[in-house]
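Peer 1: Okay, here's the structure, questions in a sec.
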Amino acid sequence: MADASQWTLWPAPAKLNLLLQITGRRSDGYHLLQSVFQLLDWGDTVALRPRSDGQCRRRAGAEGVPVDDDLAVRAARLLQTASGARLGADIAILKQIPMGGGFGGGSSDAATVLLALNRLWALDWSIDALAELGLQLGADVPVFVRGRSAWAEGVGDVLQPMTLGEFWYVLLDCAVHSETAALFQSAELTRNAPGLKMADFVSSMVGRNAFAPLLRSRAPRIAAALDAIARLGIGGLTGTGGGCFLRVESRAEADAAAVTLAALGRCIIARGVDRSPLMLQLDSAPLTAAAGRVETTQNWDWWGVAKW
């Protein structure tokens, strides 16, 4: 087995849905969505170490999730099967993104595994191929694979990059876990919102989310959070989870707002980015094909990872 010096670290950024509406439903039952994905400069960290025995094993991460259901492990195994790769990987994730909060943690972890193992296993798959593979894991995975804030349509798989500007966000985790499938099946859900074009998106639409009325009525903590955010400025619910956000112009405003919102749940301050920090790292850490390793100047010492 590889030693600890062969661990490499890769960012898995969180996301916000600045807009999320349902415009219809396909004949196969899948909902047609329109959404604006805002990537953030904050998230999980994925540690990977190639294995010569072909096994893909989880060493740390979402321990409450069965290994076979863990999107990061599933991503590694899916890429291995699809590519015919003989190498495996040890996977360890420093979880920062709240699970079930709508911030995209599981999908982002999976996308990071696909992109990083593509590099570490020297597969040379294209972004398009990885995004198509990632769609098998979940509708949000392709946006993280492509690494750009984006306008999304279809089932979330038709993406156009967006430039969303320099904003700061206060993320509020209300610690409310919602069942996405149950929400999509709710009779109260609006499924016929008028379709928009990307050019129609303006700041006044930030926070528009088809699932907000449902979660507001079912979860008093989410209702209280949304009311508090509305008093402070622009924001709303993200995804179908229990996470909310406030958008502000500066770090100072974010700090002040976080003090106000802290009584309602865990607050995280993050900056919106148009390009994923993972893509920036991939650009700056080229693969040395002959050695089969990633060249980087970063210090990979990390929360006891050497114990594996």
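The values are calculated or read from the model by the stated rules, or taken from the named source; none is laboratory data. In this text, all values refer to a predicted model and were calculated from it rather than measured experimentally. Neighbour counts run over all protein chains shown; Cβ positions are idealised from the backbone, glycine included.
Peer 1: So which residues in region 108-145 are in contact (Cβ under 8 Å) with a residue 60 or more places away in the chain, farther than 17 Å from Ala285 by Cβ and of a type in the set (Ser, Thr, Tyr), if there are any at all?
Peer 2: Across region 108-145, the qualifying residue is only Ser108.
Peer 1: Still on this structure, I have one more. Kindly establish whether Arg119 is at pLDDT 95 or above, within 18 Å of Arg146 (Cα to Cα) and either of a type in the set (Ser, Thr, Tyr) or surrounded by fewer than 24 Cβ atoms within 10 Å (Cβ to Cβ) (or both). Before the answer, list the steps.
Peer 2: Values: at pLDDT 95 or above: yes; within 18 Å of Arg146 (Cα to Cα): yes; either of a type in the set (Ser, Thr, Tyr) or surrounded by fewer than 24 Cβ atoms within 10 Å (Cβ to Cβ) (or both): yes.
So Arg119 fits the description; yes.
Peer 1: Since Ala223 meets every condition but one in (1) under 14 Å from Val36 (Cα atoms); (2) at pLDDT 95 or above, which condition does it not meet?
Peer 2: (1)
Peer 1: Another one. Condition check: out of contact with any strand residue (DSSP E or B) (no Cβ under 7 Å at 6 or more places or on another chain), closer than 12 Å to Leu264 by Cβ, of a type in the set (A, V, I, L, M) and in contact (Cβ under 8 Å) with a residue 40 or more places away in the chain. Does Ala175 satisfy that?
Peer 2: Judged against the criteria, Ala175 is a match.
Peer 1: Another question, then. Could you tell me whether any residue of region 42-61 is over 29 Å from Leu123 (Cβ atoms), hydrophobic (A, V, I, L, M, F, W, C) and touching a residue at least 12 places away in the same chain (Cβ under 8 Å)?
Peer 2: Within region 42-61 (the criterion being over 29 Å from Leu123 (Cβ atoms), hydrophobic (A, V, I, L, M, F, W, C) and touching a residue at least 12 places away in the same chain (Cβ under 8 Å)), the answer is no, since none of the residues qualifies.
Peer 1: While we're on this one: Against the definition (without any contact (Cβ under 8 Å) to a residue 24 or more places away in the chain and of a type in the set (Val, Ile, Thr)), how does Val158 come out, yes or no?
Peer 2: yes
Peer 1: Would you check which residues across region 69-117 are among the small types (Gly, Ala, Ser) and not in a helix (DSSP H, G or I) and list them?
Peer 2: Across region 69-117, the qualifying residues are Gly84, Ala85, Gly88, Ala89, Ala92, Gly100, Gly101, Gly102, Gly104.
Peer 1: Looking at Phe144, Phe184, which is the one that is over 24 Å from Thr112 (Cα atoms) and either crowded, with 20+ Cβ neighbours inside 10 Å or touching a strand residue (DSSP E or B) at 6+ places or on another chain (Cβ under 7 Å) (or both)?
Peer 2: When all the criteria are applied, what remains is Phe184.
Here's the yes/no breakdown for (1) on the phi > 0 side of the Ramachandran plot; (2) in contact with a Cys (Cβ under 9 Å, 6 or more places away or on another chain); (3) of a type in the set (Lys, Arg):
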| site | (1), (2), (3) |
| --- | --- |
| Arg208 | no, no, yes |
| Phe211 | no, no, no |
| Ile222 | no, yes, no |
| Ile234 | no, no, no |
| Leu278 | no, no, no |
| Ser284 | no, no, no |
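Peer 1: Evaluate region 205-222: report whether one residue or more is touching a residue at least 60 places away in the same chain (Cβ under 8 Å), among the aliphatic types (A, V, I, L, M), surrounded by 15 or more Cβ atoms within 10 Å (Cβ to Cβ) and more than 15 Å from Leu20 (Cβ to Cβ).
Peer 2: The answer is no, given that none of the residues of region 205-222 is touching a residue at least 60 places away in the same chain (Cβ under 8 Å), among the aliphatic types (A, V, I, L, M), surrounded by 15 or more Cβ atoms within 10 Å (Cβ to Cβ) and more than 15 Å from Leu20 (Cβ to Cβ).
This table checks each residue for (1) over 21 Å from Gly156 (Cα atoms); (2) at pLDDT 95 or above; (3) within 17 Å of the chain's Cα centre (by Cα).
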{"residue": "Trp10", "(1), (2), (3)": "yes, yes, yes"}
{"residue": "Leu32", "(1), (2), (3)": "no, no, no"}
{"residue": "Trp42", "(1), (2), (3)": "yes, yes, yes"}
{"residue": "Arg51", "(1), (2), (3)": "yes, no, no"}
{"residue": "Arg58", "(1), (2), (3)": "yes, no, no"}
{"residue": "Thr81", "(1), (2), (3)": "yes, yes, no"}
{"residue": "Pro98", "(1), (2), (3)": "yes, no, yes"}
{"residue": "Gly101", "(1), (2), (3)": "no, no, yes"}
{"residue": "Ala110", "(1), (2), (3)": "no, yes, yes"}
